[in-house]
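Structure first, commentary second.
The values are calculated or read from the model by the stated rules, or taken from the named source; none is laboratory data. Remember, predicted model here, so these are calculated numbers, not experimental data. Every residue, glycine among them, receives a Cβ derived from its backbone with ideal geometry; neighbour counts consider all protein chains shown. Note: areas computed on protein heavy atoms with side chains; ligands, DNA, RNA excluded. Shrake-Rupley method; radii C 1.70, N 1.55, O 1.52, S 1.80 Å.
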Amino acid sequence: MKGDKDSRWFEVECVPKNYIFSKEDRPQNLDAPVSDSIPVIDLAISNLQASAVNINGHNTQLVEQISMASQQFGFFQVINHGIQEKTLSDAMIVVKEFFDMQLSGKETRSRHKEGYIYTRSIDYVKDGVHLWRENLKHPCHPLEECIHLWPDKPTQYQEVIAAYLVEIQKLSSRILEMICEGLGLKEGYLKDTSEVQLLVSNFYPPCPDPSLTLGLLPHYDPSLITLVYQGGSTGLQVMKDGQWLNVGAIPNAFSVNIGNQLEIISNKKLKSVKHRVVTCAHEARQSIVTHVNPCLDCVIEPAKILVDELEPSVYKASQYKDYVQRNKAFGDYTTAIQNA
Ligand SMILES: O=C(O)CCC(=O)C(=O)O
Ligand SMILES: [Fe+2]
């Protein structure tokens, strides 16, 4: 510890032993440049080129770009998405205030309440090693039923995050519609059976030696799509052709990744992407992540029109809630999240 008894767990000069990953799990090549191959898609293009708008009201060029990115990377960033900067910055501020309150308080334990779960770094263990992060999770569908169960401090939290989620709902529906069209599925096939179900906020403090630690282990998301707002910070990496690529810090952009459910529905035409978070010595990372999932009762299987003799079904049908339970998709808290 750097000093007094009120130091926070990450205010240390060296990484404590129980945060050091084994050699195989440690991030290599942290100095790699930000990848310039990850697609950045300008959603405002549709306003400029009205002539290219198709029968569903989508710009054909955008549908093509999203479709290619989802097939080749399972990942892309969107800019000019139409969400006001203030909605985004207000959300980042209340989330930061939430983490600051927990970190400066006397309480050292994680909290598991009816409507949310706050997890300190001490809870996350892989082979005895902890992640370098703090985490807050809560369900968000239906919004009006969940909102009052979220943290009530800071006092603005519920109102600000609800406003953020209303915008995420619109943006994710728009992206899902374009993905749907790119796959040749009928309008509404994805959007009408999906929910912005879970919000996950993360705080990754500066770390004295990022080569030894991880903010988040490599994983695939159990979602249809996941939207990450990182407020211009770095640390997110995606796997492409066996290499970890650094995702750029584009202010106000959203990172969108394809999750396992969309890989199944698309019969593997779209790729669920492996991703992780590395830590940084100089600055903290904060992210607000929304998992857009199928409704719990939905049966998830390859869409019939994407299956034929040449391309037989790669996956068996399964109800989403069974998938979640079977795979413990939300970790130790799967049951709590799904029953919340
Ligand atoms: O913090 C991040 O940016 C990544 C979070 C993430 O991958 C997740 O919540 O599934
Ligand atoms: Fe993820």
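Any residue that is more than 15 Å from ligand 1 (Cβ to nearest atom), of a type in the set (Val, Ile, Thr), open to solvent by 10 Å² or more (accessible area, probe 1.4 Å) and at pLDDT below 95 - is there at least one of those in region 192-199?
Step one: list which residues in region 192-199 are more than 15 Å from ligand 1 (Cβ to nearest atom), which gives 192-195.
Next, from what is left, pick out any that are of a type in the set (Val, Ile, Thr): 193.
Remaining after also requiring open to solvent by 10 Å² or more (accessible area, probe 1.4 Å): 193.
In the following step, the residues that additionally are at pLDDT below 95 were identified as 193.
Checked region 192-199: at least one residue is more than 15 Å from ligand 1 (Cβ to nearest atom), of a type in the set (Val, Ile, Thr), open to solvent by 10 Å² or more (accessible area, probe 1.4 Å) and at pLDDT below 95.
Quick grid of which residues meet (1) of a type in the set (A, V, I, L, M); (2) away from ligand 1 (no atom under 14 Å from the Cβ):
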site	(1), (2)
Ile147	yes, yes
Glu167	no, yes
Leu185	yes, yes
Leu216	yes, no
Ser223	no, no
Val238	yes, no
Ala253	yes, no
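Within region 93-105, track down each residue that is of a type in the set (A, V, I, L, M, F, W, C), at pLDDT 95 or above and open to solvent by 30 Å² or more (accessible area, probe 1.4 Å).
Across region 93-105, the qualifying residue is only Ile93.
Going by what's in this entry, would Glu134 be described as acidic (Asp, Glu), within 19 Å of Pro218 (Cα to Cα) and modelled with pLDDT of 90 or more?
Working: acidic (Asp, Glu): yes; within 19 Å of Pro218 (Cα to Cα): yes; modelled with pLDDT of 90 or more: yes.
Here the answer is yes, as Glu134 does meet what is asked.
Anything in region 202-228 that is hydroxyl-bearing (Ser, Thr, Tyr), within 13 Å of ligand 2 (Cβ to nearest atom) and under 24 Å from Tyr157 (Cα atoms)? List them, or say none.
In the first step, residues of region 202-228 are kept if they are hydroxyl-bearing (Ser, Thr, Tyr); the result is 204, 211, 213, 220, 223, 226.
Still in the list and also within 13 Å of ligand 2 (Cβ to nearest atom): 220, 223, 226.
Across region 202-228, the qualifying residue is only Thr226.
Being modelled with pLDDT of 95 or more and open to solvent by 50 Å² or more (accessible area, probe 1.4 Å) narrows it down to one of Asn18, Asn80, Asn29, so name that one.
Numbers: Asn18 fails: modelled with pLDDT of 95 or more; Asn29 fails: modelled with pLDDT of 95 or more.
Of Asn18, Asn80, Asn29, the one residue that is modelled with pLDDT of 95 or more and open to solvent by 50 Å² or more (accessible area, probe 1.4 Å) is Asn80.
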